[in-house]
Amino acid sequence: MSIAFREREEEVGRSEYGPFRLEAHASGIALVWFDDPARKVNLLDSESLAALRRVLDSLRQRSDSAYPRALVLLSAKEEQFIAGADVAEFDRITDPADAEAKARDAQQLFEEFSALPYPTVAAINGPCLGGGTELALAMRHRIAYQPSFSTASLRLRTGSFA
């Protein structure tokens, strides 16, 4: 069988997919692991979204039309899925048009995942917030591991968190 992405990436740290690792299994299932080694939680920022785009491109460029038969998005962090966007990156954005373009690009990427022609699953093993929720919703199916699954409510008031 011939596939356009690596059979198993064993490299520690970052690969061509940044904090993502793409695994292809003989069963035809592609696993996309998210694990940013530089952070305690997985966050979506410009770098990780660009890496996720490379994962999507690699999936689309597969050479065997039988692969993948399905895709599962997982977090390698224990009891952590995706904690949303990297808000520190927001501080570096000074142009509203740039902010709008970044948000639009992320939404487009998620839309492209939702349009994949095979089943997609988000395996949620912990907090799934903001952009993490949007990415999970782009998958056709979501599975949440009950003991670590929680919903979060954050109320923002001027200058304080409640």
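The values are calculated or read from the model by the stated rules, or taken from the named source; none is laboratory data. Computed from a predicted model, the values in this text were never measured in an experiment. We place every Cβ from the backbone using ideal geometry, glycine too, and count neighbours over all the protein chains shown.
A few notes on this one:
Each row is one residue, and each column tells you yes or no for (1) of a type outside the set (Gly, Ala, Ser); (2) in contact (Cβ under 8 Å) with a residue 12 or more places away in the chain.
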site	(1), (2)
Phe81	yes, yes
Asp86	yes, yes
Asp95	yes, no
Ala101	no, no
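- Among residues of the range 81-94, those that are touching a Phe, Trp or Tyr at 6+ places or on another chain (Cβ under 7 Å) and surrounded by fewer than 15 Cβ atoms within 10 Å (Cβ to Cβ), counted: 0
- Scope the range 51-70; condition farther than 13 Å from Ala24 by Cα and not hydroxyl-bearing (Ser, Thr, Tyr); matching residues: Ala51, Leu52, Arg53, Arg54, Leu56, Asp57, Arg60, Gln61
- Residue match in the range 127-136 (condition: in a strand (DSSP E or B), modelled with pLDDT of 95 or more, in contact with a strand residue (DSSP E or B) (Cβ under 6 Å, 6 or more places away or on another chain) and surrounded by 13 or more Cβ atoms within 10 Å (Cβ to Cβ)): no
- Set Glu112, Glu100, Glu78: member being modelled with pLDDT of 95 or more and surrounded by fewer than 17 Cβ atoms within 10 Å (Cβ to Cβ): Glu112
- One residue stands out among those in the range 59-97 that are closer than 19 Å to Leu43 by Cα and in a helix (DSSP H, G or I): the one that is farthest from the chain's Cα centre (by Cα), which is Asp91.
- Where Leu44 falls short, out of the listed (1) at pLDDT below 95; (2) in contact with a helix residue (DSSP H, G or I) (Cβ under 9 Å, 6 or more places away or on another chain): (1)
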